Amino acid sequence: MTDRVVEMVDVWRGPVAESRHTGLAVVCNAAGEVIDGWGDLDTVILPRSAVKMIQALPLVASGAADAAGLTVDQLAFSCASHNGDKIHTDKARAWLGALDLSDDDLICGIQEPMGKQSRRALIKADETPCRVHNNCSGKHCGFLTLTKHLGAGPDYVHPDHPVQKAALEAFETVTGETSPGFGIDGCSAPNFATSMRGLGRAMGYFAGAREDGDALSQAALRLHQVMRTHPDLVAGEGRACTELMRAAKGKVTIKTGAEGVFTAILPEKGLGVALKITDGATRASECVIAGLLVKLGALDANDPVVRKYLNPEIKNFAGLVTGEIKLAAGFPV
C-alpha cells in the first residue's frame, strides 16, 4: 500500500533531526504516464501559483496575446510570482497603459514588494505599495488582456467570468481530470484543485508541447520557453525559481506556488515534475525541487546556487553554523 505522504526533508541541529517535512511528488512523461512518484498521487491539492503557466494558456491559445502584440517579456511576466522590483512594476505599468487601464483596474489587491530592497526603498521614500507591486500583477495583466479580447466584463476573477471559464477548460485539459473545485487565491482569482497525478500530467503536457501541435500545445510551448529564458521576470533576485533556472542553463522551467508547491518542466527529457510539502514549508519545497532536478540531471549538485537550496546551512545570530537542511535518507531513490 502506498504511503499517503513520505518523509522528504530533515532539519538538523547538531546530531539531532529537529524537524521533519513530509510531502508528495511525481514525475510524468509527455504522455501523462507516471515515471516516478512518492506518496498517494490521488491526493487532491490546490497548486496555487505553481500553475500560472496554465492560467496563461487561454491568453495565448485564443489569439489575444498576438492581437495585443504582446512581447516575450510580457508573456513571461504573465506567468510570474514576482518580487515587485522596478523591473516588474515598470512592466506592469507599461502593460496597463497599453490597455488604456490603470492600477485601479487590477483586482489582485495591494501587496508590499516581496523583494527586500524594493520594500525598503518604498519605506525610505515614504511611499505606499500599489497593486502593480502584487506578485500576481503580471498574471492579472494577462487576464485583462484576454478580457478585452473577449469583450467581457471587468470582474475577470469571478469563477463564471469567460476568462476563468477558459482557464478552467485549459486546466482540465492539461491535467486530464475534472477539477473537483477551487479555492480563492491570494490574488482573488480561483485556484482550481487537482490531484498530484494531474498536476504532474499537466507539467508533462508542457514538456511535450509542440510547434506543430494544436493551439493549446503551441501556447504551452511558447509559455514555458519564455519563462525559462526570462527567469528574472518570473520571480526575481534571491528567489529559488530565478536562481535555479539560471543554474540549469536553459534546461528546465521552474515555478513555485504558496504552501510548499513546486512544478518543473524539462523539455529535453520530455518530463514534468510536481511536488507538495504537507505543512507548506518553503524551506522544504525548495530543497525537494532542487533534489529532484539533480536526480533528473537538470541541475548539478555541486553548483553553489544549487547547494544553497539543496543543503543550506542553518546559522545562529552569532553567525555560527548550528545545523543544516537536507533531503531525508533514501529520498529521492
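The values are calculated or read from the model by the stated rules, or taken from the named source; none is laboratory data. Being a predicted model, the structure only gives us computed values, none of them experimental. Cβ sites come from the backbone with ideal geometry, for glycine too, and all protein chains shown count toward neighbours. Accessible surface is based on the protein model in full, side chains and every heavy atom, while ligands, DNA and RNA are left aside. Shrake-Rupley method; radii C 1.70, N 1.55, O 1.52, S 1.80 Å.
A few comments on the model shown:
- FRET efficiency, Asp40 to Lys116 (Cβ-Cβ, R0 35 Å, nearest 0.05): 0.40
- Using a probe of 1.4 Å, the accessible surface attributed to Glu286 totals some 40 Å² when neighbouring protein chains are kept in position.
- Trypsin sites (Lys or Arg not before Pro) within segment 229-291: DSSP coil, no more than 12 neighbouring Cβ in 10 Å: Lys249
- For segment 233-333, the Cα-based Rg and Dmax, in that order, read 13.4, 46 Å.
- Mean projected area of the Cα convex hull of segment 150-272, taken over all directions, amounts to 8.4 nm².
- Using the Karplus relation 6.51 cos²θ - 1.76 cosθ + 1.60 with θ = phi - 60°, the per-residue 3J(HN,Hα) values for segment 23-36 come to x, 9, 7, 8, 10, 10, 8, 5, 7, x, 7, 6, 8, 7 Hz, with x marking Gly and Pro.
- Surface composition of the chain: carbon and sulfur atoms hold 51% of the protein heavy-atom accessible area at a 1.4 Å probe.
- Estimated from helical segments only, the mean residue ellipticity of the chain at 222 nm is -11000 deg cm²/dmol, where each DSSP H run of four or more residues counts as -39500 (n - 2.57).
- Taking all protein chains into account, the per residue accessible area for the chain stands at 42 Å² (1.4 Å probe).
- Helix 282-295 and the longest principal axis of the Cα set of the chain meet at an angle near 80°.
- Cα-based helix-to-principal-axis angle, 86-98 vs the chain, degrees rounded to 10: 20
- Remark: relative contact order (the chain) = 24 percent; criterion is Cα-Cα distance under 8 angstrom and separation of 6 or more residues.
- Karplus (6.51, -1.76, 1.60) ³J(HN,Hα), θ = phi - 60°, over segment 140-145, in Hz, Gly and Pro reported as x: 6, 4, x, 4, 5, 5
- Cα gyration tensor, segment 34-191 - rounded (a/c under 1.5), prolate or oblate: oblate
- Isolated cysteines of the chain, defined as having no other cysteine beta carbon under 4.7 Å away, are Cys28, Cys79, Cys130, Cys141, Cys241, Cys287.
- Residues whose amide H comes within less than 5 Å of that of Gly32, counting only those at least five positions distant or on another chain, are absent (H built at 1.01 Å from N in the peptide plane).
- Semi-axis lengths (Å, descending) of the ellipsoid that matches the C-alpha gyration tensor of segment 141-212: 23, 16, 9
- Label-to-label distance, nm, for residues given as Asp160 and Lys124 (7 Å Cα→Cβ offset): 5.0
- GNM flexibility winner over the chain from Leu216, Leu99, Leu275 (Cα, springs under 10 Å): Leu99
- Near the amide H of Asn191, within less than 5 Å, lie the amide hydrogens of Gly183, Ile184, Asp185, all on another chain or at least 5 residues away, with H placed in the peptide plane.
- Alpha-carbon Debye profile of the chain, log10 I(q)/I(0) at 0.12, 0.15 Å⁻¹: -0.80, -1.23
- Long pairs among Lys116/Lys295; Lys124/Lys255; Lys165/Lys269; Lys52/Lys124; Lys255/Lys308, criterion Cα-Cα beyond 24 Å: Lys116/Lys295; Lys124/Lys255; Lys165/Lys269; Lys52/Lys124
- Backbone amide hydrogens, once placed in the peptide plane, bring His158 within less than 5 Å of nothing, excluding anything fewer than 5 places away on its chain.
- Taking the C-alpha atoms only, the angle from helix 196-207 to the longest principal axis of the chain is near 70 degrees.
- Max mean-square fluctuation residue, GNM over the chain, Cα-Cα springs under 10 Å, options Phe143, Phe206, Phe317: Phe317
- Estimated FRET transfer efficiency (Phe182, Trp12; beta-carbon r; R0 45 Å; 0.05): 0.75
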